[in-house]
Amino acid sequence: MSRAIIAFGANLGDREATIAAAIRELAETEGVDLLQVSPVYESAAIKDAGVDHEAPGYLNGVVAVETALEPHDLLDRLLAIEAVHGRVRTEHWGDRTLDLDLIDVDGCRIDDDRLVLPHPRAWQRAFVLAPWLDVDPDAVIAGRGPVARLRAEASDEVTRR
Ligand SMILES: Nc1ncnc2c1ncn2[C@@H]1O[C@H](COP(=O)(O)OP(=O)(O)OP(=O)(O)O)[C@@H](O)[C@H]1O
Ligand SMILES: Nc1nc2c(c(=O)[nH]1)N=C(CO)CN2
């Protein structure tokens with residue numbers, strides 16, 4: 001069994017309803033047990049050019065799960081749940097009904113065509129680090145350091161709902 005951190009984000013549609021449904025679908029997945037759900041944070045959309053105040057704002061958070069699935073199988077499940085909720089990939093870092101990212105699986109390191117772990121950008125995103133800290137104040141990102149320090153250093157702004 002592994003412990004995994006999954007980040008969720010949504011900035012289109014009924015964000016709360018989509019996130020609640022996605023968490024329920026994750027919890028109903030065979031081989032996945034929901035351990036914790038973080039508080040939800042609001043933040044402005046980060047795009048390639050920086051913060052985009054014109055784009056709809058995001059709701060973000062994380063869940064901690066215990067899972068018997070291999071990381072790639074868990075990723076496939078996350079992508080399937082995104083698809084159910086109408087996630088369409090157009091522009092890079094574009095607006096989306098639902099984003100589910102695999103952030104960490106027991107500190108293991110993977111770097112292949114489909115999956116990079118720990119998630120390569122989580123270390124600099126307060127919208128991931130703040131809720132992660134809520135569910136695990138002692139969390140560490142392999143190769144980056146304690147989530148508490150990284151969260152203090154992150155420059156994006158998040159507000160707890
Ligand atoms: N740790 C990971 N979690 C989720 N997807 C990953 C991960 N590592 C690699 N990927 C790959 O990234 C692909 C594209 O992901 P996606 O479109 O959700 O990126 P994004 O959410 O727009 O950007 P970001 O990865 O910066 O959050 C996925 O199809 C998946 O194969
Ligand atoms: N505030 C916020 N901005 C983002 C987010 C996100 O989840 N929250 N996700 C992105 C790509 O995954 C790009 N920008």
Quick check: anything in the stretch 37-44 more than 11 Å from ligand 2 (Cβ to nearest atom), surrounded by 13 or more Cβ atoms within 10 Å (Cβ to Cβ), in a strand (DSSP E or B) and not aromatic (F, W, Y)?
yes
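Mind listing whichever residues of the stretch 63-86 are outside any helix (DSSP H, G or I) and either surrounded by 18 or more Cβ atoms within 10 Å (Cβ to Cβ) or within 7 Å of ligand 1 (Cβ to nearest atom) (or both)?
Initially, the stretch 63-86 is screened for residues outside any helix (DSSP H, G or I), giving 63-70, 85-86.
Correct list: V63, A64, V65, T67, L69, H85.
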Pairs needed: first member in the stretch 20-40, within 11 Å of V63 (Cα to Cα); second member anywhere, modelled with pLDDT under 95 and loosely packed, with under 14 Cβ neighbours inside 10 Å; C-beta distance under 8 Å; at least 6 residues apart or different chains.
P39/R161; V40/R161
Does D104 fit the bill of being part of a strand (DSSP E or B) and in contact with a strand residue (DSSP E or B) (Cβ under 8 Å, 6 or more places away or on another chain)?
yes
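Yes/no per residue for (1) under 19 Å from L75 (Cα atoms); (2) within 11 Å of ligand 2 (Cβ to nearest atom); (3) of a type in the set (A, V, I, L, M, F, W, C); (4) modelled with pLDDT under 95:
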{"position": "D99", "(1), (2), (3), (4)": "yes, yes, no, no"}
{"position": "D104", "(1), (2), (3), (4)": "yes, no, no, no"}
{"position": "D113", "(1), (2), (3), (4)": "yes, no, no, no"}
{"position": "L117", "(1), (2), (3), (4)": "yes, no, yes, no"}
{"position": "Q124", "(1), (2), (3), (4)": "no, no, no, no"}
{"position": "A130", "(1), (2), (3), (4)": "no, no, yes, no"}
{"position": "L133", "(1), (2), (3), (4)": "no, no, yes, no"}
{"position": "V140", "(1), (2), (3), (4)": "no, no, yes, no"}
{"position": "V147", "(1), (2), (3), (4)": "no, no, yes, no"}
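Of the residues in the stretch 109-124, how many are without any contact (Cβ under 8 Å) to a residue 60 or more places away in the chain and assigned to a loop (DSSP other than H, G, I, E, B)? Show your work before the answer.
Taking the stretch 109-124 and keeping what is without any contact (Cβ under 8 Å) to a residue 60 or more places away in the chain, we get 109-118, 120-121, 123-124.
Still in the running and assigned to a loop (DSSP other than H, G, I, E, B): 109, 112-115, 118, 120-121.
Qualifying residue count, the stretch 109-124: 8.
The values are calculated or read from the model by the stated rules, or taken from the named source; none is laboratory data. None of these values were measured; they are calculated from a predicted model. Positions of Cβ are generated from backbone atoms using ideal geometry, with glycine treated the same way; all protein chains shown enter the neighbour counts.
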